[in-house]
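Report on the structure given below.
Laboratory data are not the source of any read-out in this text; all were calculated from the coordinates shown. Everything numeric here is computed off the predicted structure, so don't read it as measured data. Glycine also receives a Cβ, built like all others from the backbone with ideal geometry; neighbour counts cover every protein chain displayed.
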């Protein structure tokens with residue numbers, strides 16, 4: 001039997017990274033968070049590489065859409081992982097995210113290439 005695995009799993013919350021880590025995937029788990037405590041605690045989980053996102057959370061998601069904020073964090077995390085040699089440009093990345101903020105809203109998996117624009121058409 002062949003094991004299929006992308007080169008990384010991208011997480012946006014500490015709890016999701018912890019839950020994925022429990023199943024011991026062969027790929028690294030990259031966690032992007034704004035919470036410094038969650039970032040420190042993530043070092044205790046197997047295979048998790050925590051990244052502390054430097055930008056503050058938007059006050060209102062009416063001025064900046066939720067998905068735009070998520071894409072910004074994912075892009076930032078992918079670029080940091082490439083700089084550290086965890087990912088290579090063009091690698092397939094599984095992004096685990098939610099369509100709403102807060103705990104318990106993780107409901108989406110996306111496959112994106114490891115590049116700054118996440119493979120999205122900037123003209124769309």
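Here are the numbers:
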| quantity | calculated |
| --- | --- |
| Filtered residues of the stretch 40-95 (kept if in a loop (DSSP other than H, G, I, E, B) and in contact with a strand residue (DSSP E or B) (Cβ under 9 Å, 6 or more places away or on another chain)) | 45, 46, 47, 53, 86, 87, 89, 90, 91 |
| Count - residues of the stretch 42-75 that are in contact with a helix residue (DSSP H, G or I) (Cβ under 9 Å, 6 or more places away or on another chain) and buried (at least 16 other Cβ atoms within 10 Å of the Cβ) | 8 |
